[in-house]
Amino acid sequence: MDPEVSRAKFDREVAAYRMLEATYRKRGWLLLGATFPEVFVAFAATKIKPAPIVAAVIVDFTDYDLQPPSVRFVDPFTRERLTASNVGFQMLRRPAMPGAPPEMIAAMIQQGAIQLSAMLQANKPDDFPFLCLPGVREYHDNPAHTGDSWLLHRGSGEGSLVFILEKIWIYGADPLAAYNIQIQIQGLAPNPMGIPE
């Protein structure tokens, strides 16, 4: 793909985001940088007070849209890529159940009658996870999805910046509603001389 064509499409994606940036910020989406070919976004869990930053991603638009964007989960402060064990949350999705009342779905989930699937995939905790979602490069490059070509999704809106961020928010940041604090107290051996250490 001609880099200038990719750059023009990248600029269009960033401009579309910026048109609704105030709305996205209220959801907890924080655009930290947008320099071709990468967009750097952090997500805060706004239902929790004070709102923690729970995730950050770099969306790479190299060769877009001949190729879908690549998504990497990163540390929001250092931009270092995170392993699956360090992402800090799950992105779980349930199968579509058209017409089913929400109360029934919630009850079935609690009873374990509905199988939830993980959208963040990794073979081992030390592997880099990938977002298992059509419109994401790692999904289409995965051998398990050889029958689901990017070209079948290209132009559908899947693979757009807002589409990808929306899915990370819906399945990752937005469900978080409370802190779960665990405290562990360790005792120190008494100092026989009474001298502070």
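Only residues of segment 126-149 count here: report those whose backbone N is under 14 Å from the spot 7 Å along Cα→Cβ of ARG93, or say none.
Within reach of a label on ARG93: 130-140, 145, 148.
Once every DSSP H run of n ≥ 4 in the chain is given -39500 (n - 2.57) and the sum is divided by its residues, what mean residue ellipticity at 222 nm do you get, rounded to the nearest 500 deg cm²/dmol? Spell out each step's value before the answer.
Working: 5 runs with 46 residues, N = 197.
Value at 222 nm, helices only: -6500 deg cm²/dmol.
Just need log10 I(q)/I(0) for segment 1-71 at q = 0.12 Å⁻¹, Debye formula, equal scatterers on the alpha-carbon atoms, no solvent, rounded to two decimals.
Listed by q, the Debye log ratios stand at -0.36.
What's the extension gain from VAL5 to LEU152 if we count 0.36 nm per residue and subtract their Cα-Cα distance?
Working: separation 147, 0.36 × 147 = 52.92 nm, distance 2.03 nm.
Result: 50.9 nm gained on full extension.
7 Å from Cα along Cα→Cβ at both THR83 and LYS26: what's the point-to-point distance in nm?
4.1 nm
Under the rule of at least 5 residues apart or a separate chain, name every residue whose amide H is placed under 5 Å from the amide H of GLU38.
PHE61
What ³J(HN,Hα) values, in whole Hz, does the Karplus curve 6.51 cos²θ - 1.76 cosθ + 1.60 give for segment 16-33 when θ = phi - 60°, with x put for Gly and Pro?
Each residue's phi maps through the Karplus curve to give 4, 5, 5, 4, 10, 4, 4, 5, 5, 4, 4, 7, x, 7, 10, 6, 9, x Hz.
List the trypsin sites (Lys or Arg not before Pro) within segment 48-82 that DSSP assigns to loop and that have no more than 16 neighbouring Cβ atoms inside 10 Å.
For trypsin sites (Lys or Arg not before Pro) across segment 48-82 that sit outside H, G, I, E and B with at most 16 neighbouring Cβ atoms in 10 Å, the list reads ARG79.
Taking the alpha-carbon set of the chain, what are its Rg and Dmax in Å?
20.5, 75
Where the accessible area of the chain is counted over protein heavy atoms with a 1.4 Å probe, how much of it, in %, is carbon and sulfur?
Reported share for carbon and sulfur atoms: 55 percent.
May I ask you to evaluate 6.51 cos²θ - 1.76 cosθ + 1.60, the Karplus curve with θ = phi - 60°, for each residue of segment 78-93 and list the ³J(HN,Hα) values in order in whole Hz, giving x for glycine and proline?
Values per residue, Gly and Pro as x: 10, 6, 6, 5, 9, 7, 4, 6, 9, 5, x, 7, 9, 10, 9, 10 Hz.
Taking amide hydrogens as modeled 1.01 Å from N in the peptide plane, which residues meet the under 5 Å criterion relative to VAL74, leaving out close sequence neighbours?
Here ALA56, VAL57, ILE58, LEU82 satisfy the definition.
Are there any chymotrypsin sites (Phe, Trp or Tyr not before Pro) in segment 1-95 that are in a DSSP loop and have at most 14 other Cβ atoms within 10 Å? List them by number.
In loop regions of segment 1-95 (DSSP not H, G, I, E or B), the sparsely surrounded chymotrypsin sites (Phe, Trp or Tyr not before Pro) are PHE77.
Loop-only check: which chymotrypsin sites (Phe, Trp or Tyr not before Pro) in segment 150-185 are DSSP coil with at most 10 other Cβ within 10 angstrom? Before the final figure, lay out each step's value.
Working: sites: TRP150, PHE163, TRP169, TYR171, TYR179; in loops: TYR179.
Answer in residue order: TYR179.
If you scale each eigenvalue of the Cα gyration tensor by 5 and take the root, what three semi-axes come out for segment 90-166, rounded to whole angstrom and sorted largest first?
Whole-Å semi-axes of the equivalent ellipsoid: 26, 18, 11.
Give the share of C-alpha pairs in each 10 angstrom bin for segment 83-131, from 0 to the last occupied bin, in whole percents, shortest bins first.
24, 40, 25, 11
Over the chain, give the accessible area per residue in Å² for a 1.4 Å probe, as an integer.
61 Å²
The values are calculated or read from the model by the stated rules, or taken from the named source; none is laboratory data. Since this is a predicted model, take the numbers as computed values, not measurements. Heads up, the Cβs are rebuilt from the backbone with ideal geometry, glycines too, and the neighbour counts pull from every protein chain shown. Side chains are part of the model used for accessible areas, which takes the heavy atoms of the whole protein and leaves out ligands, DNA and RNA. Shrake-Rupley method; radii C 1.70, N 1.55, O 1.52, S 1.80 Å.
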